[in-house]
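See structure below.
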Amino acid sequence: MAPSHVLKCCQKVLAWVPVAFIALVVAWSYYAYVVELCVFVYLVVFHLSFVMFVWSYWKTIFTSPASPSNEFCLSKADKEQYEKEERPESQQEILRRAAKDLPIYTTTASRAIRYCDRCQLIKPDRCHHCSACDICVLKMDHHCPWVNNCVGFSNYKFFLLFLMYSLLYCLFVAATVLQYFIKFWTLCHRKAAESCPKNELPHTHAKFHVLFLFFVAAMFFISILSLFSYHCWLVGKNRSTIETFRAPTFRNGPDKNGFSLGCSKNLREVFGDEKKYWLLPIFTSLGDGCNFPTRLVIMDPEQLTVSSQSEPAKSSGGSQSFPTRPLSESQNRLLASDSQWVESGPEEENVKSGAKKHIIVSLES
């Protein structure tokens, strides 16, 4: 027990190394820019970007990942019965019964209820278990070692702002230091030509800080730019990093666009309705993290007709592994005012004859 406890403590301490590294780099960049390269005109913009960057970084690190609410946990009786059962079919039957009133629309690839044995709860849509944090995280995107935290529903906006402000911070520092960087590697001004040798600085201490500051700022800017661009694309598509590599499975199969409501609504889902708060690292995301508006993406009317005719045969062959409910039950302000659920005419007869109801959401982009 003792060696295991010591190992866990060491892992927790080592997990803060990347955060400490970033903190030291930021502190040094502040010293190098403000003390060694003090230009009053630049200081106002520098401190504004610096404060917003540090604020966003702090919120990303210390905002606890949101976990599923108690309604997704199995009752004591169901939990005992689930643990006693050895057959997966019986276990799934228990989970189906427990999940029939829950707002879940996704399953595993094998059409089973998504259940976490570690946390002993039914996973809400877009929820995943983080092995590093050892908890289920709502709308989990990834575990980031640079913030020593999971990026998910509770802090995804903060993470995006952290990337944006760090990008602006690095760009501003690199742009304003560039002229001094060039001077350090060119001839000095003619007035100082006699006292200043070629390609040399009067103060080698300042030369080191300014030169290194430019290289660090440029390096971080290039690396962060690709990451920020990628996450902007994810927000526009309403996907997480996990969903990009493994599309969520709905009743009709895997659908990478199942949660996409159009670029405008996808943006509002992360940043909220109040645009004045978008650039501030305060929580304004819509929803509760457990329930997300969804839609069925039908490629063409012919596929809809074929699938509606074939589904009664499939459903008669075996029980469905996932509780079916109308997608309109998904509660969210994004769909409260302008969403429509319409049944197409030709398919209505198929629905009456016993096929499953196909619902199409008309969403304004």
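Which pairs have Cβ atoms under 7 Å, sit 6 or more apart or on different chains, and link a residue in region 139-163 that is acidic (Asp, Glu) to one that is part of a strand (DSSP E or B) and buried (at least 24 other Cβ atoms within 10 Å of the Cβ)?
Cβ pairs passing all conditions: 141/151.
What are the residues in region 256-265 that are open to solvent by less than 30 Å² (accessible area, probe 1.4 Å) and either in a loop (DSSP other than H, G, I, E, B) or closer than 19 Å to residue 114 by Cβ (or both), if any?
So the first thing to find is which residues in region 256-265 are open to solvent by less than 30 Å² (accessible area, probe 1.4 Å), and the list is 258-262, 265.
Across region 256-265, the qualifying residues are 258, 259, 260, 261, 262.
Tell me yes or no: at least one residue of region 64-76 is crowded, with 16+ Cβ neighbours inside 10 Å and either over 30 Å from residue 94 (Cα atoms) or more than 28 Å from the chain's Cα centre (by Cα) (or both).
No, there is no match, as no residue in region 64-76 is crowded, with 16+ Cβ neighbours inside 10 Å and either over 30 Å from residue 94 (Cα atoms) or more than 28 Å from the chain's Cα centre (by Cα) (or both).
Got a sec? Which of 164, 140 is open to solvent by 10 Å² or more (accessible area, probe 1.4 Å) and within 30 Å of residue 42 (Cβ to Cβ)? Lay out the reasoning, then the answer.
Details: 140 fails: within 30 Å of residue 42 (Cβ to Cβ).
Just one listed residue meets the conditions, 164.
Restricting the first residue to region 82-93 and requiring it to be more than 13 Å from residue 122 (Cβ to Cβ), which pairs with a second residue that is surrounded by 13 or more Cβ atoms within 10 Å (Cβ to Cβ) and at pLDDT 90 or above meet a Cβ separation below 7 Å and a spacing of at least six or different chains?
So the pair list comes out as 85/91; 85/94.
I'd like to check something: does region 45-57 contain any residue that is at pLDDT below 90, loosely packed, with under 10 Cβ neighbours inside 10 Å, within 28 Å of residue 278 (Cα to Cα) and not polar (S, T, N, Q)?
No: zero hits.
Just the residues that are over 17 Å from residue 156 (Cβ atoms) and in contact with an Asp or Glu (Cβ under 9 Å, 6 or more places away or on another chain), please, taken from region 259-288.
Result: 262, 264.
Name the residues in region 153-187 that are among the small types (Gly, Ala, Ser) and under 30 Å from residue 243 (Cα atoms), would you? Spell out how you get there, then give the answer.
Quick first cut of region 153-187, residues among the small types (Gly, Ala, Ser) only: 154, 166, 174-175.
Listed by number, the residues that qualify are 154, 166.
Please verify whether residue 268 is modelled with pLDDT under 95 and open to solvent by 20 Å² or more (accessible area, probe 1.4 Å), treating the condition exactly as stated.
Numbers: modelled with pLDDT under 95: no; open to solvent by 20 Å² or more (accessible area, probe 1.4 Å): yes.
Against the criterion (modelled with pLDDT under 95 and open to solvent by 20 Å² or more (accessible area, probe 1.4 Å)), residue 268 does not qualify.
What number of residues within region 234-250 satisfy the criterion of being crowded, with 19+ Cβ neighbours inside 10 Å, in contact with a strand residue (DSSP E or B) (Cβ under 9 Å, 6 or more places away or on another chain) and more than 17 Å from residue 161 (Cα to Cα)?
Qualifying residue count, region 234-250: 3.
Checking residue 31 against (1) in contact with a His (Cβ under 6 Å, 6 or more places away or on another chain); (2) open to solvent by 60 Å² or more (accessible area, probe 1.4 Å), which test does it fail?
Result: residue 31 fails condition (1) only.
If you scan region 124-137, which residues turn out to be outside any strand (DSSP E or B), open to solvent by 40 Å² or more (accessible area, probe 1.4 Å) and within 22 Å of residue 249 (Cβ to Cβ)? Give the steps one after another, and end with the answer.
First pass over region 124-137, keeping only residues outside any strand (DSSP E or B): 124-127, 131-134.
After this cut, where a residue has to be open to solvent by 40 Å² or more (accessible area, probe 1.4 Å) as well, the list is 131-134.
Answer for region 124-137, where residues must be outside any strand (DSSP E or B), open to solvent by 40 Å² or more (accessible area, probe 1.4 Å) and within 22 Å of residue 249 (Cβ to Cβ): just 131.
If you take the residues of region 170-214 that are part of a helix (DSSP H, G or I) and either among the polar types (S, T, N, Q) or on the phi > 0 side of the Ramachandran plot (or both), which of them is modelled with the highest pLDDT? Write out each step before concluding.
Quick first cut of region 170-214, residues part of a helix (DSSP H, G or I) only: 170-184, 190-192, 204-214.
Subsequent filtering for residues that are either among the polar types (S, T, N, Q) or on the phi > 0 side of the Ramachandran plot (or both) retains 176, 179, 204.
Values: 176: 87, 179: 80, 204: 60.
Among those residues, the one meeting the criterion is 176.
The values are calculated or read from the model by the stated rules, or taken from the named source; none is laboratory data. Everything numeric here is computed off the predicted structure, so don't read it as measured data. Cβ: placed from backbone, ideal geometry, glycine included. Neighbour counts: every protein chain shown. Just the protein is used for accessible areas: all its heavy atoms, side chains included, with ligands, DNA and RNA removed. Shrake-Rupley method; radii C 1.70, N 1.55, O 1.52, S 1.80 Å.
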